[in-house]
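A.B. asks: I am attaching a structure below and will ask some questions about it afterwards.
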Amino acid sequence: MRTLTTTAIAVLATTVAVTAAEVAPKEVKFDEYGSVETSLTGTPGDPENGAVIMKTKSMGNCISCHQVTALEDAPFHGEIGPMLDGAGDRWTEADLRGIVSNAKKTFPGTMMPAYYKVDGYIRPGDAFTGKAAEEPLPPLLSGQQVEDVVAFLMTLKEE
Ligand code: HEC
């Protein structure tokens, strides 16, 4: 019992520490080109987990719009967005962090969803039902999930 309690406290302490270091969605600093220089969490991203997030429908679901040769084992790749092979050559880590957090800062008017954003959505349902969820809504990805996706994108180099 004692060991269990100690473990539970250790786990709690870790969770709080991670949360405290995380940059909240509203506090993300985009530069004039839409890049985000500072890590959202201070914890390096895990590229393998990033790949899973990009393939998973309930998470990033990036491949519903983008082709990625390195993720060819996943069943469906859309062509709405550009192919992401070589994204790690075309963009810096800060650029990619900005694109994944809120692509509209880099590509105004893009249909790519903002993954780390909690307010400012246009929800036509609001006026009609008055029942839409109150903002802030949870972001589509956590700060660490964004970092994981960015770490995977940085591995996408040509040749
Ligand atoms: C609804 C479709 C859609 C989804 C889902 C989507 N994107 Fe995009 N993405 C786009 C479009 C369209 C562009 C091109 C920018 C523009 O609109 O001009 C783009 C651009 C990009 C770019 C820059 C392209 C380049 O390589 O030059 C990157 C990187 C990117 N997306 C990554 C992602 C990642 C990672 C995810 C998942 C977390 C994702 N996208 C999900 C549509 C999408």
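The values are calculated or read from the model by the stated rules, or taken from the named source; none is laboratory data. Just so we're clear, the structure is a prediction, and the values are computed from it rather than from any experiment. Here the Cβ positions follow ideal geometry from the backbone for every residue, glycine too, while neighbour counts run over all protein chains shown.
A.B. asks: Assuming Ser39 fulfils every condition listed in (1) assigned to a helix (DSSP H, G or I); (2) buried (at least 17 other Cβ atoms within 10 Å of the Cβ); (3) more than 7 Å from the ligand (Cβ to nearest atom) apart from one, which condition is it?
C.D. replies: It fails just one condition, (1).
A.B. asks: Let me ask something else. Just checking, which of Glu147, Glu134 is modelled with pLDDT under 95 and either in a loop (DSSP other than H, G, I, E, B) or within 13 Å of the ligand (Cβ to nearest atom) (or both)? Show your work before the answer.
C.D. replies: Working: Glu147 fails: modelled with pLDDT under 95.
The unique qualifying residue is Glu134.
A.B. asks: Here's a check for you: in segment 47-68, which residue that is in contact with a Leu (Cβ under 8 Å, 6 or more places away or on another chain), in a loop (DSSP other than H, G, I, E, B) and near the ligand (Cβ under 10 Å from one of its atoms) is nearest to Leu153 (Cα to Cα)?
C.D. replies: First pass over segment 47-68, keeping only residues in contact with a Leu (Cβ under 8 Å, 6 or more places away or on another chain): 50-51, 53-55, 59-60, 62-63, 66-68.
Keeping just the survivors that are in a loop (DSSP other than H, G, I, E, B) gives 59-60, 66-68.
Imposing the further condition that a residue be near the ligand (Cβ under 10 Å from one of its atoms) reduces the set to 59-60, 66, 68.
On the way: Met59: 16, Gly60: 13, His66: 12, Val68: 10 Å.
Within segment 47-68, the match that is nearest to Leu153 (Cα to Cα) is Val68.
A.B. asks: Please go through (1) at pLDDT 95 or above; (2) surrounded by 12 or more Cβ atoms within 10 Å (Cβ to Cβ) for Tyr33 and return the number of the only condition it doesn't satisfy.
C.D. replies: Result: Tyr33 passes all but (2).
A.B. asks: Are there any pairs with C-beta distances below 8 angstrom linking a residue in segment 142-159 that is of a type in the set (Asp, Glu) to a residue that is crowded, with 21+ Cβ neighbours inside 10 Å and part of a loop (DSSP other than H, G, I, E, B), with the two at least 6 apart or on different chains, and if so which?
C.D. replies: Glu147/Leu40; Glu147/Gly45; Asp148/Gly45
A.B. asks: Residue check: is Lys55 within 21 Å of Pro136 (Cβ to Cβ), at pLDDT 95 or above and among the charged types (D, E, K, R)?
C.D. replies: Numbers: within 21 Å of Pro136 (Cβ to Cβ): no; at pLDDT 95 or above: yes; among the charged types (D, E, K, R): yes.
When the stated conditions are applied, Lys55 does not pass them.
A.B. asks: Is there any pair with a first residue in segment 76-104 that is modelled with pLDDT of 95 or more and a second that is more than 10 Å from the ligand (Cβ to nearest atom) and assigned to a helix (DSSP H, G or I) whose Cβ atoms are under 7 Å apart and which are 6 or more apart or on different chains, and what are they?
C.D. replies: From residues that are modelled with pLDDT of 95 or more, the pairs are Asp85/Thr69; Gly88/Met154; Glu93/Met154; Leu96/Met154; Gly98/Lys105.
A.B. asks: Right, something else. If you go through segment 65-79, how many residues are surrounded by 13 or more Cβ atoms within 10 Å (Cβ to Cβ) and over 21 Å from Asp95 (Cα atoms)?
C.D. replies: Looking only at that region, the number is 3.
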